[in-house]
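Bear in mind that the values in this text are calculations on the coordinates, not laboratory data. Everything numeric in this text was worked out from a predicted model, so none of it was measured. Every residue, glycine as well, gets a Cβ built from its backbone with ideal geometry; the counts of neighbours run over all protein chains shown.
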Ligand code: KG4
Ligand code: ZN
């Protein structure tokens, strides 16, 4: 039997996830337990709460993933786990579960970079075609990555302050929308107009980096000033104006990178890839310029373990195994 069957674990933030995946793209099971309801009342993810939930949930999630895939540990080729970046306490729960599983069943252990997982989510829908550019936009990350080939990641741009999703969530909070606010701002923006023309941060010419703290502060200050003057604030106009600023900068910079690097394939992934304005603008621009745009299915865009298994398949073939010394890390290069 030549099949490579990997059990993968992801606990870097607020979802406890486990998946069984065959040959890098056949998802036999994909269990994701979200903690959003527990974090909602704090308006964001509380690391200590996240760790505690992972501890309570991880064993059951692993058992469920095996059961749903109709697999036993004896059928597996390896166990993979997100080693970082993420909340360190949260990462450690997944890592320790993976180490124990690897040791108990005599399986190789494969450490995986979380952002590599977001890129490889696309492999669950179709083969990756190189060279490619990938824009990863989530609550924790905003990264532009150039790939010549499998497992070759060159981060050419990243945020210098807030991640896009983080800016969305903060703007949502000041307009009084619940956490996580991205989807609410997106929905509301459809009823508004870009009357505010918030700043667009392009940074130095030639830079592929991003910055979203300026537009975020501008939204907060504008609302504050209007409220102080007793003026009525149209939340839909604020949402639309904010979204326009973000979508414009993300698409313009990404498409410039696509052109500069001469690639024809673009992947947009991570939770913010669900944004309707961002998707529509990318679809339009990519069609105009003959670029193949791939956006993974939504369930693979948000945090999940199947995407970790998709990367692990290639690491397995390369023999890139970890040891029981594996630790959670936030300072790792992709
Ligand atoms: O990838 P993800 O599930 O978790 C992280 O790894 O961060 O991304 C969650 C982020 C949140 O900030 C959420 O507000 C944002 O993605 N998000 C959106 C939309 N759907 C989710 N932001 C803008 N528009 C959306 N439709
Ligand atoms: Zn993520």
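Using a Förster distance of 30 angstrom, determine the FRET efficiency expected from the C-beta separation of residue 264 and residue 321, and round it to 0.05. The partial results should precede the final answer.
Details: r = 34 Å, r/R0 = 1.13.
E(calc), rounded to 0.05, equals 0.35.
Between region 1-62 and region 215-255, how many Å separate their Cα centres? The two parts, judged by their Cα centres, are 34 Å apart.
Go ahead and collect, in residue order, the members of region 5-38 whose backbone nitrogen is under 13 Å from a label point 7 Å along the Cα-Cβ direction of residue 52. So the set is 38. Among 281, 41, 22, the largest mean-square fluctuation in a Gaussian network model of the chain (Cα springs under 10 Å) belongs to 41.
Could you please tell me the mean projected area of the C-alpha convex hull for the chain, averaged over all directions and given in square nanometres to one decimal?
Working: hull surface 68.1 nm².
Its Cα hull, projected and averaged over all orientations, spans 17.0 nm².
Identify which of 40, 229, 99 has the largest mean-square fluctuation in a Gaussian network model of the chain, with springs joining Cα atoms closer than 10 Å. Among 40, 229, 99, the largest GNM mean-square fluctuation belongs to 229.
When the chain is fully extended, how far beyond the present Cα-Cα distance does residue 252 get from residue 299, taking 0.36 nm per residue of separation? Working shown, then result.
Details: separation 47, 0.36 × 47 = 16.92 nm, distance 2.63 nm.
So the chain would gain 14.3 nm between residue 252 and residue 299.
The modelled label-to-label distance between residue 200 and residue 3, using points 7 Å beyond Cα along the C-beta direction, is 5.0 nm.
Calculate how large, on average over all directions, the projected area of the Cα convex hull of region 1-119 is; give the answer in nm² to one decimal.
If you wrap the Cα atoms of region 1-119 in a convex hull and average its projections, you get 7.1 nm².
Taking the DSSP beta bridges with both ends in region 30-183, the antiparallel portion is around 65 percent.
Quick check on packing: order 101-109, 235-243, 272-280 by the mean number of other C-beta atoms within 10 Å, highest mean leading.
Working: 101-109: 16.3, 235-243: 22.4, 272-280: 19.9.
Peptide ranking by packing, descending: 235-243, 272-280, 101-109.
From the Cα gyration tensor of region 128-295, with a ≥ b ≥ c the square roots of its eigenvalues, which class applies: rounded if a/c is under 1.5, or else prolate if a/b is larger than b/c, or else oblate? Note, shape of region 128-295 comes out prolate.
Just the number, please: percent antiparallel of the DSSP beta bridges in the chain, rounded to the nearest 5. Write down the numbers at each step before the final one.
On the way: 25 of 43 bridges.
The answer is about 60 percent antiparallel.
Classification of region 66-146 by its C-alpha gyration tensor yields an oblate form. The axis ratio a/c (a ≥ b ≥ c) is 1.5 or more, and b/c is at least a/b. Label-to-label distance, residue 105 versus residue 151, with points set 7 angstrom from Cα along the beta-carbon direction: 2.2 nm. Taking 7 Å steps out from each Cα toward its Cβ at residue 334 and residue 42 produces label points 2.7 nm apart.
Extension gain for residue 26-residue 187 works out to 54.7 nm (0.36 nm per residue, less the C-alpha to C-alpha distance). Of the residues 85, 180, 205, the one that moves most in a GNM of the chain with alpha-carbon contacts below 10 Å is 205.
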